[in-house]
Amino acid sequence: MKKKMFFTALLAGLNCVSISAQVGSVGINTASPGSSLTVNGSFAATYRVVTASGTIGANDYYIAYNGTINGTLTLPAAINGTGNFAGRTYHFKNTGGATLTISANGTELIDDQNGAGTGVPSITVPSGYYAFLVNKGAVTGTTWELVLVSSSNSMPSVNQTYLFSSAQQNAFKQTCTATTGPTWQKTEIKYNQGMDINTGNVLDLSSGRFKAPADGYYMIYGSAQFDNSEISGQPGFAWCVLYLVKNFATTPNNQLVQNLHTNPGIFAPGIVSAVVHLNKDETVSMASAAQLNGGGPQYQVTSTSIYGYKIAN
C-alpha cells in the first residue's frame, strides 16, 4: 500500500499536478478543496460516437448518435446492493439525421416528469437535440430521471415541429350540408388542392384532419369564406359557424373554438385559432355549420386555409 501511495505521489509530481486532501475532500491543483472533489483545471470524460442501436456501458459518459436510420440506445440495468450506480449521468446528442430512442432496460422506466406520476419505457431525441439523464439508484420502477431535453438550435427544424400548411383558392368551393333542424350539422373541411407543406403527412387531405405524430402542445390556425354566390337563388345565411374540433371522428361536438356570424347575407368570413394539447394520434379538424334563410339544404365554403405546428412537448 505504501509503495502504491509513493508511486501515485511521484507520478503527480512528475506531471506537476498538486493533489491535496482536506477533511475528507480531494483537490486537484488546489490545496484547499471546497467540495468532496475540487478540480482546478479542465475535466475530461469518455466521448463516443455511435451509428447504430446498442447498449450503454459503465465507461460511457457522452454519446453522440450519428446514425442515418432510426436507432435505440439501451441504458444499463439497475444493480441492487454493491455496484449500485446512483447518481451516474449520461449525456446524449443526436448528431445524425434520424431519430434516436433512449430506452430503459427491461421493465425499468424513465421519469420524464409528464405529470401522470409514472415513467415511460423510452424517450425520443430528434435530430439536433440533446438529452441528459441521471440514475436514481432505484432497482425497479423509475430508475432513471430525465433532467433535460433541448435543441442546440435556437429554432427547431421543420421535421421537429411537424409544420403543415394548405390553402384552397377561390376556384374551388366545397358544398356542405346545411342545418335544417334543431341539431347543428357540422362538416369537416377538406383541402383538395393539396398542400404547400405537409411534414410527415400529418394532415390527411381526404378527411381534412391533422393527426398529432407525438404528444405535445400544438398551434392550429384556420380560415374560410362562407360563399353562397353559386348556390341556386343565392340564399342568405341565417347563421354560420367556423370551428376547430378535436377528435371529430369520435366526438364531433368537441369544439375547441368557434367563430359565429348571424344574418351576414350570402358571404361571411371565418377565422379560428387555438393552442391545444394533443396526445399522439389525436386529431384536429376545421369544420363548419350553417343554416340558411328559408331552410335550404346546402351552402358552400371557399378560400379555406389551415396551418399549424408543434410548439412544446
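Net charge near Ala78: determine it from the other residues with C-beta under 14 Å of the C-beta of Ala78, scoring Lys and Arg +1 and Asp and Glu -1. Provide the component values of the computation, followed by the final result.
On the way: positive: Arg88, Lys136; negative: Glu108, Asp111, Glu145.
Taking every Cβ under 14 Å from that of Ala78, the sum is -1.
Once percent of Cα pairs over 33 Å apart is worked out from the coordinates, which option in (1) 35; (2) 49; (3) 23 does it equal?
(2)
Is any residue of the range 278-313 close enough, with backbone N under 17 Å, to a label point placed 7 angstrom from the Cα of Thr183 along the Cα-Cβ axis, and if so, which?
Answer for this model: 288-291.
Rounded to the nearest 0.05, what FRET efficiency do Thr55 and Asp196 give with R0 = 30 Å and r taken as the Cβ-Cβ distance? Could you check?
On the way: r = 43 Å, r/R0 = 1.43.
E between Thr55 and Asp196, to the nearest 0.05, is 0.10.
How much length, in nm to one decimal, is gained on full extension between Ala44 and Thr101, taken as 0.36 nm per residue of separation minus their Cα-Cα distance?
Values: separation 57, 0.36 × 57 = 20.52 nm, distance 2.56 nm.
Full-extension gain reported as 18.0 nm.
Excluding Ser285 itself, what net charge comes from residues whose Cβ is under 13 Å from its Cβ, given Lys and Arg +1 and Asp and Glu -1? Intermediate values should be presented prior to the final figure.
Working: positive: Lys186, Lys190, Arg209, Lys211, Lys246; negative: Glu188, Asp204, Glu282.
Summing Lys/Arg as +1 and Asp/Glu as -1 gives +2.
How tilted is helix 2-14 with respect to the longest principal axis of the chain? Cα atoms for both, answer in degrees (0 to 90, nearest 10).
Taking the Cα atoms of the chain, the angle to 2-14 is about 70 degrees.
Report the far tail of the P(r) of the range 231-312, meaning the percent of Cα-Cα pairs longer than 19 Å.
Details: 1462 of 3321 pairs.
So the pairs more than 19 Å apart make up 44 percent of the total in the range 231-312.
Less than 14 Å Cβ to Cβ from Asn59, Lys/Arg counted +1 and Asp/Glu -1: what total charge do the surrounding residues give? All intermediate terms of the calculation are to be shown ahead of the outcome.
Details: positive: Arg48, Arg88; negative: Asp60.
Residues close to Asn59 contribute a combined charge of +1.
Work out from phi, with θ = phi - 60° and the Karplus expression 6.51 cos²θ - 1.76 cosθ + 1.60, the ³J(HN,Hα) of each residue of the range 95-104, listed in order in whole Hz, and give x for Gly and Pro.
9, x, x, 9, 9, 9, 10, 9, 10, 6
Under 37 °C and 0.692 mPa s, how fast does the range 44-151 diffuse according to Stokes-Einstein, given a Kirkwood radius computed over C-alpha pairs? Answer in µm²/s, whole number.
Numbers: Rh = 13.8 Å.
Using the Kirkwood radius from Cα pairs, D works out to 238 µm²/s.
Throughout, read-outs are computed from the coordinates displayed, never taken from laboratory work. All figures in this text were calculated on a predicted structure; none of them were measured in a lab. Heads up, the Cβs are rebuilt from the backbone with ideal geometry, glycines too, and the neighbour counts pull from every protein chain shown.
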